[in-house]
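**Q** Structure incoming, see below.
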Amino acid sequence: MKDKKAQAPEKMMFYLGFGIIYTIAFFILIIMINSFISTSLEVPEDLEITVYSQRFINSPDCFTYKDLDIRRSYPGVIDLDKFTNETLRQCYVVFGREDSESEKKEPLAEFVTAEADATYVNVPRRQAPLKNLGFRLTLIQTGIKPKHIQTQNWEGKITKTMVKDVFVMNKGILNIGKLRIEVQDVI
């Protein structure tokens with residue numbers, strides 16, 4: 001049988017080692033949780049550009065083909081007849097430009113909030129962009145000349161380019177194409 005006094009230093013060393021290991025594990029866990037939270041909260045750099053590109057392709061207010069007989073929109077299918085600068089102006093509002101008569105008369109008329117419009121609950125009729133971006137869109141189809149459209153504030157200094165695969169409806173015929181979206185930050 002061992003002496004109880006001889007066991008005291010062994011227990012002390014055990015608890016000291018356990019305390020050090022426990023403290024190290026605790027700090028590692030805190031660091032891991034911190035890094036997980038910071039990476040999960042990061043917003044991708046070109047998130048706004050991606051959202052607008054999806055709007056151009058998938059929104060019935062933009063270029064999406066709509067079958068008028070059955071009143072159905074087809075996301076990912078671009079109507080070649082709607083692929084115009086006028087549709088782009090209606091789809092993406094540019095601030096600080098007075099190119100059209102409606103913008104000269106009432107520049108903020110498009111941005112009526114829910115308080116002013118009783119038909120919608122807590123939803124603005126149209127949202128202002130987070131920052132002023134200029135877009136040039138090019139619709140590319142095999143065997144057909146590319147069609148270019150651009151926002152009023154396009155200055156030709158490309159900051160980012162993305163290409164999306166799309167279908168193109170042209171006079172009842174469905175073709176495969178690509179939509180090149182060129183973006184610039186406008187100050």
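**Q** Looking only at residues in region 10-57 that are of a type in the set (F, W, Y) and closer than 30 Å to S73 by Cβ, which one is surrounded by the most Cβ atoms within 10 Å (Cβ to Cβ)?
**A** Our first condition is that a residue be of a type in the set (F, W, Y); within region 10-57, this holds for 14-15, 18, 22, 26-27, 36, 52, 56.
Next, from what is left, pick out any that are closer than 30 Å to S73 by Cβ: 52, 56.
Values: Y52: 20, F56: 23.
The qualifying residue surrounded by the most Cβ atoms within 10 Å (Cβ to Cβ) is F56.
**Q** Can you name the residue in region 137-171 that is surrounded by fewer than 19 Cβ atoms within 10 Å (Cβ to Cβ) and hydroxyl-bearing (S, T, Y) and is also nearest to K66 (Cα to Cα) among such residues?
**A** Checked region 137-171; the qualifying residue nearest to K66 (Cα to Cα) is T138.
**Q** Of the conditions (1) over 15 Å from C62 (Cβ atoms); (2) surrounded by fewer than 19 Cβ atoms within 10 Å (Cβ to Cβ), G134 clears all except one; give me its number.
**A** For G134, the failing item is (2).
Condition check ((1) modelled with pLDDT of 90 or more; (2) not in a helix (DSSP H, G or I)) across all residues:
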{"position": "K82", "(1), (2)": "yes, yes"}
{"position": "E98", "(1), (2)": "no, yes"}
{"position": "E103", "(1), (2)": "no, no"}
{"position": "P107", "(1), (2)": "no, yes"}
{"position": "V112", "(1), (2)": "no, yes"}
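**Q** Looking at (1) closer than 30 Å to Y92 by Cβ; (2) modelled with pLDDT of 85 or more, which is the one condition that is false for L41?
**A** (2)
**Q** A further question on this structure: Cβ-Cβ distance below 9 Å, separation of 6 or more or different chains: which pairs start in region 172-187 with a residue that is exposed (fewer than 15 other Cβ atoms within 10 Å of the Cβ) and end on one that is modelled with pLDDT of 90 or more and of a type in the set (A, V, I, L, M, F, W, C)?
**A** Listed by first residue and then by second, the contacts come to L174/V77; L174/F167; L174/V168; I176/V166; I176/F167; I176/V168.
**Q** Right, next: Is it fair to say F63 is among the aromatic types (F, W, Y) and within 20 Å of the chain's Cα centre (by Cα)?
**A** Against the criterion (among the aromatic types (F, W, Y) and within 20 Å of the chain's Cα centre (by Cα)), F63 qualifies.
The values are calculated or read from the model by the stated rules, or taken from the named source; none is laboratory data. Please read these numbers as outputs of a predicted model, since none were measured by experiment. As a convention, Cβ positions derive from the backbone with ideal geometry for all residues, glycine included, and neighbour counts pool all protein chains shown.
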